[in-house]
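First comes the structure, then the notes that go with it.
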Amino acid sequence: MPLSSPAVAQAVASGQPQNVTEILQEDIVVTAQKRGPANVQNVPAAITAFGEAQLQALNVRDLKSLTYTMPNVQLDGIGTAKGTANFTIRGLGINTSIPSIDPTVGVFVNGMYLGITSGVIMDDFDLEAIEVLRGPQGVLFGRNVTGGAVLIRTKRPTGEFTASARAGVESGPNWTIDGAVSGPLVRDLLSARIAAYHSDDAGWFNNEYDNSHFGASKFSIVRPSILLTPSNAIDFILRFEHGEGKGDGGVFQNEALFPQGSFRTQSNEEGFFASNWNQLIGELNWKVPFGNGTVTAIGGWREFKGRDRVDIDGTTMTVFNLDLLTKQNQRSGELRYAGTFGNLGITTGLYYFQQNLFYLEGRTTRFNLALPVANRVGGGISDHDSWSAFGSLDWHVTPEITLNAGARYNRERKNSSLSRVRAATDSLGGAAGPDILGEGQIGGDFEAETINISDPNLRQSWGDVSPRFGIQWEPSRETNVYAYWAKGFRSGGLNIRHTGLGAPPTLFDSETQKAVEIGIKQDFLERRVHLNLAAFRSKIIGIQRDSNIPDSVLGNVQIISNAGNARVQGFEVEGRLALIKNFLVTGQLGYTNGKYTKITADLNGNGVIGDGGDLALKLPRLAPWSYGVSVVHNLALGSWGNLSTRISYNYRDGAFYTVNNTTRLRSSKILDASIMLTPAANRWSLSVYGTNLTNRATWDSQSSFPNVPAMGGDGTGGGIPFNALNRGRVIGVNARGSF
């Protein structure tokens, strides 16, 4: 399946130097419709896609690297747990590291859904493509894609021998190296590929507590795969991945001590993270004569283990430390058929998903310096399974007009057990020490010794039908006009970070979404000018809200509930202009407006439900405006090759972080630049790049904790904001080679 542009593929085959302006203006082949490869411009939905060459040209390190490159898309993390995704698309997102809270943006790797948000933002390499789908994707992708979906595809084995390598260094310093070898084991029958990656980041931040590097990490990933092609009608690919990472905990800044907008931080406990994961994904494609179709079967298995400790208070004393332990394993399978019968295109299938989740959290707090350190521990387990049946029909009424109708039936069950938050004790019954979850190892029998399940058999189940109806008009190959109405479904659950001392556990129900989108994808002047526009409006029913209330014992108390209904609407524009050879301008613009239309919970904490104050609150993580522009120039150096220069500026509005609007994420103004030399032989390239060149401070999260002297406050009430910092200015060099 070719994921690079035809121009790039031809350049590689001929040995001509790659032209970045050509790379960035070619359309990408996508798989979002599950009917085989399709040009992204022909798909009746808002999609931004990046092929292998585009990802390399943009120096993408992980999914967060793309967060400012698309309208109304925020691919952010959270500071409390390394690698945890808090993605938001079109104003629908989450604010939590709790793995039992399902996302609004689903992430799929080679067709396998990632069941929890933990372990999603890890270093990426050796990819064929990333597709970002905006808007509900319930018919083809199921639960938890009300905001959208992110599809990641790794590179396949090749029938010819190829090898590639990359080495780089950037501010930190962060050293990275990766490589891949691919080729036939048995000609025309069996091919294999192995790719490996390693990074060693010394830490971008300075900890003023001891003047040391802060934010260090190491990652190692290996990914073997095999491709079996016993006939022209059958291919089977098996992909395995093992990864592990370790390093410092999240970097938090205390605003009572350091000014907002700086990168200054201090911590007497740099904490740590340790994670490892294994996953195995098999995909079978069988071309059948029935409807000239394809039967596809995808089976996936993944296990993830993560351990985190973070110093939330950001002071030189032990005031609020957080320990997390997450263990998850999942299995999934999808069997589908896609075929064509005259003017009818059919896609239908069955899907099954099952996971087991264990989560444990410890809190070490000392908000009153006259009292000893208090240790609290709690957590829970969850057994989760779901199955669904889906179908989609495309009726080509005329060569220009297509009607689409589809639906998915979901059936889901969750069984949970919970350990109430309680004082942690050692084996002799005394108060436990600061390390209340053990010595940082992952696994073992620790959880069996520590957790005490007190509320068994908290069972939940849901049944849902998510339909979609659409129309598409393509009067020419340059024009694609579409509209659709769709319903989405997001799972309910149990908050297994149960922080209410002595309070009963609370379940929250599923939320549903009804959305309308109208769009046009238009090319002009022999595809030298490209313009995509989309307008959308969504109604969210039973919206789930995650409230954090400052608490003088636990730091904060988290309550998750179905808080009412909300409306979100807006528009998006993506454009590309290449009127002059070797000169390209791209841009994007997004606007989202959202508000609550009905309130059934006390969101602002004043003890009154549904008053005007609750209705006036803004939706968290909803950034109204986002926009950006990128300019790329290619200088042909004759026999020397190509010199490509790129500069981009992206802006995103600030947004409230907490549900009660007491804390707010800063607006982002990001200036990036790069220059890449590709010699005429086209066997290697050298690039120098800079990200966030203005050194603008940005945050993944901002929470508020009690205003007490121990945290640097004056004790006058309210709360002190704590920022989970992202890195500032980064300068890097990459060298790539292939043969």
Residue satisfying condition, being among the small types (G, A, S) and in contact with a Leu (Cβ under 9 Å, 6 or more places away or on another chain), within set G293, G261, G333, G342:
G333
Within the bounds of segment 268-284, is there any residue that is of a type outside the set (G, A, S) and without any contact (Cβ under 8 Å) to a residue 24 or more places away in the chain?
no
Can you pull out every residue in segment 319-332 that is in contact with a helix residue (DSSP H, G or I) (Cβ under 9 Å, 6 or more places away or on another chain) and within 10 Å of N268 (Cβ to Cβ)?
V319
Given (1) out of contact with any Ser or Thr (no Cβ under 9 Å at 6 or more places or on another chain); (2) in a loop (DSSP other than H, G, I, E, B), number of the condition K598 does not satisfy:
(2)
Taking the criterion of being surrounded by fewer than 24 Cβ atoms within 10 Å (Cβ to Cβ), within 15 Å of F353 (Cβ to Cβ) and over 12 Å from the mean Cα position of the chain (by Cα), would at least one residue in segment 121-130 satisfy it?
no
Please give the number of the condition S392 fails out of (1) free of Cβ contacts under 8 Å to residues at least 24 places away in the same chain; (2) touching a helix residue (DSSP H, G or I) at 6+ places or on another chain (Cβ under 8 Å).
(1)
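If you go through segment 236-270, how many residues are outside any strand (DSSP E or B) and either surrounded by fewer than 23 Cβ atoms within 10 Å (Cβ to Cβ) or hydrophobic (A, V, I, L, M, F, W, C) (or both)?
Initially, segment 236-270 is screened for residues outside any strand (DSSP E or B), giving 248-251, 255-264, 266-270.
Next cut, either surrounded by fewer than 23 Cβ atoms within 10 Å (Cβ to Cβ) or hydrophobic (A, V, I, L, M, F, W, C) (or both) only: 251, 255-264, 266, 268-269.
Looking only at that region, the number is 14.
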So is P136 of a type outside the set (V, I, T), part of a loop (DSSP other than H, G, I, E, B) and touching a strand residue (DSSP E or B) at 6+ places or on another chain (Cβ under 9 Å) or not?
yes
Within segment 140-159, identify whether any single residue is closer than 21 Å to F390 by Cα, out of contact with any Phe, Trp or Tyr (no Cβ under 6 Å at 6 or more places or on another chain) and in a helix (DSSP H, G or I), and answer yes or no.
yes
Tell me which of these R646 doesn't satisfy, since it passes every other one: (1) farther than 18 Å from F252 by Cα; (2) surrounded by fewer than 19 Cβ atoms within 10 Å (Cβ to Cβ); (3) of a type in the set (K, R).
(2)
Looking at the structure I just gave you, is T316 modelled with pLDDT under 95, polar (S, T, N, Q) and crowded, with 21+ Cβ neighbours inside 10 Å?
no
Restricting to segment 610-629, and then to whatever is over 23 Å from T96 (Cβ atoms) and in contact (Cβ under 8 Å) with a residue 60 or more places away in the chain, can you tell me which residue is surrounded by the most Cβ atoms within 10 Å (Cβ to Cβ)?
G628
Kindly provide the set of residues from segment 676-706 that are under 23 Å from I731 (Cβ atoms) and among the hydrophobic types (A, V, I, L, M, F, W, C), ordered by number.
M676, L677, W684, L686, V688, L693, A697, W699
Would you check which residues across segment 349-367 are farther than 30 Å from A407 by Cα and either in a strand (DSSP E or B) or touching a Cys at 6+ places or on another chain (Cβ under 6 Å) (or both) and list them?
F358, Y359, L360, E361, G362, R363, T364, T365
If T402 satisfies every condition in (1) among the β-branched types (V, I, T); (2) surrounded by fewer than 19 Cβ atoms within 10 Å (Cβ to Cβ); (3) assigned to a strand (DSSP E or B) but one, which is the exception?
(2)
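Kindly state which strands (runs of 3 or more DSSP E) lie completely within segment 19-90 and contain at least 2 residues that are closer than 21 Å to G587 by Cα, under 13 Å from the mean Cα position of the chain (by Cα) and at pLDDT 90 or above. Explain how you work it out, then say what you get.
On the way: elements: 47-51, 73-77, 85-89.
Correct list: 73-77, 85-89.
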Restricted to segment 444-489 and to residues being farther than 21 Å from A405 by Cα and among the basic types (K, R), the residue modelled with the highest pLDDT is R477
Name every residue in segment 556-595 that is closer than 21 Å to S538 by Cα and not in a strand (DSSP E or B), in order of residue number.
A563
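Suppose the filter is of a type in the set (G, A, S), exposed (fewer than 15 other Cβ atoms within 10 Å of the Cβ) and under 26 Å from L66 (Cα atoms); does G638 pass it? Before you say what the answer is, go through the steps one by one.
On the way: of a type in the set (G, A, S): yes; exposed (fewer than 15 other Cβ atoms within 10 Å of the Cβ): yes; under 26 Å from L66 (Cα atoms): no.
Here the answer is no, as G638 does not meet what is asked.
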Checked against (1) modelled with pLDDT of 90 or more; (2) exposed (fewer than 15 other Cβ atoms within 10 Å of the Cβ); (3) not in a strand (DSSP E or B); (4) not aliphatic (A, V, I, L, M), G607 satisfies every condition except (1)
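Yes/no per residue for (1) outside any strand (DSSP E or B); (2) in contact (Cβ under 8 Å) with a residue 40 or more places away in the chain:
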residue	(1), (2)
D124	yes, yes
A163	no, yes
R166	no, yes
V169	no, yes
S182	no, no
D188	yes, yes
Taking the options A370, A297, name whichever one is among the small types (G, A, S) and in a strand (DSSP E or B).
A297
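Quick check on this structure: which one of N356, N368, N375 is surrounded by 22 or more Cβ atoms within 10 Å (Cβ to Cβ) and at negative phi?
Just a single option satisfies the conditions, and that option is N375.
Which ones in segment 490-507 are among the aliphatic types (A, V, I, L, M) and either surrounded by fewer than 22 Cβ atoms within 10 Å (Cβ to Cβ) or modelled with pLDDT of 95 or more (or both)?
Filtering segment 490-507 down to residues among the aliphatic types (A, V, I, L, M) leaves 494, 496, 501, 503, 507.
Hits for segment 490-507 are L501, A503, L507.
Starting from residues that are of a type in the set (D, E, K, R) and crowded, with 16+ Cβ neighbours inside 10 Å, keep the ones in segment 188-214 and report whichever is farthest from the chain's Cα centre (by Cα). Walk me through it before giving the result.
As a first pass, look at segment 188-214 and keep what is of a type in the set (D, E, K, R): 188, 193, 200-201, 208, 210.
Next cut, crowded, with 16+ Cβ neighbours inside 10 Å only: 193, 200-201.
Working: R193: 26, D200: 22, D201: 21 Å.
Checking each candidate, the answer is R193.
The values are calculated or read from the model by the stated rules, or taken from the named source; none is laboratory data. As the structure is a computational prediction, the values presented were derived from the model and not from experiment. Heads up, the Cβs are rebuilt from the backbone with ideal geometry, glycines too, and the neighbour counts pull from every protein chain shown.
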